[in-house]
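Below is one structure, written out as structure tokens, with a few remarks after it.
FYI, it's all coordinate maths here, none of it is from the lab. Keep in mind the model is a prediction, meaning the values are calculated, not measured. Cβ: placed from backbone, ideal geometry, glycine included. Neighbour counts: every protein chain shown.
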Amino acid sequence: MKRLLASAIVLCALLSAAPVAACVPGGFMDPVVYWTQAVKTDSLLGVCPSGDWSGIEVTLYDLCAMPVAGKEVVLTLADGRVCDSPVTAITDMYGHAHVVVKLGLNSSAGTARVGSAYSLTCMGLTIRTGTASLVSPDYNCNQSVDALDFSFFALDWLPAAYAARSDFNDDKVVDALDFSIFALHWLHSN
């Protein structure tokens, strides 16, 4: 009877244990993705050559709920006026990556914002797609916020026509608040 009871306990333990072979890698379980320091939720992002404005935080777990470590996460912005896209980061041992967006925008041709579709991928799998409007104090994509960029900002200062590319705080006017944001990024470079 003791032998039968012991066998039943072992059989129950084996049946209730999660089979390791049932976990097949090849996807992600509910990735955590969010933009940091966005001007206005995920719809208006500020980018700077030094990477100190908007970025994207990603945490990845495989289908077994284990962190995906040591993998490249790629952020691609589709608009051709975005300099140095794509941007990459490597996940740490916890499956976390901070994608630093060190970009400038070639917005010297007009006063509108750069609107771009973006995609975030890892291991060939798409994690997230979306669209965002981008603003940057680096207007000419030279990877530095310098005097030439200031000349673009000065042209947009309190104009008769709204210049969205220099409205860094999205209050629909280019004013002293926008200048203070521009000044925070003065002489930043990649």
request  = Go through the residues of segment 94-114 one by one and say whether even a single one is surrounded by fewer than 17 Cβ atoms within 10 Å (Cβ to Cβ), of a type in the set (S, T, N, Q), more than 20 Å from Gly51 (Cα to Cα) and in contact with a helix residue (DSSP H, G or I) (Cβ under 9 Å, 6 or more places away or on another chain).
outcome  = yes
message = Which numbered condition in (1) assigned to a strand (DSSP E or B); (2) buried (at least 17 other Cβ atoms within 10 Å of the Cβ) is the only one that Asp138 fails?
response = (1)
ask   = Given the structure, is Asn169 in contact (Cβ under 8 Å) with a residue 60 or more places away in the chain, surrounded by fewer than 18 Cβ atoms within 10 Å (Cβ to Cβ), more than 30 Å from Leu63 (Cβ to Cβ) and in contact with a helix residue (DSSP H, G or I) (Cβ under 6 Å, 6 or more places away or on another chain)?
value = yes
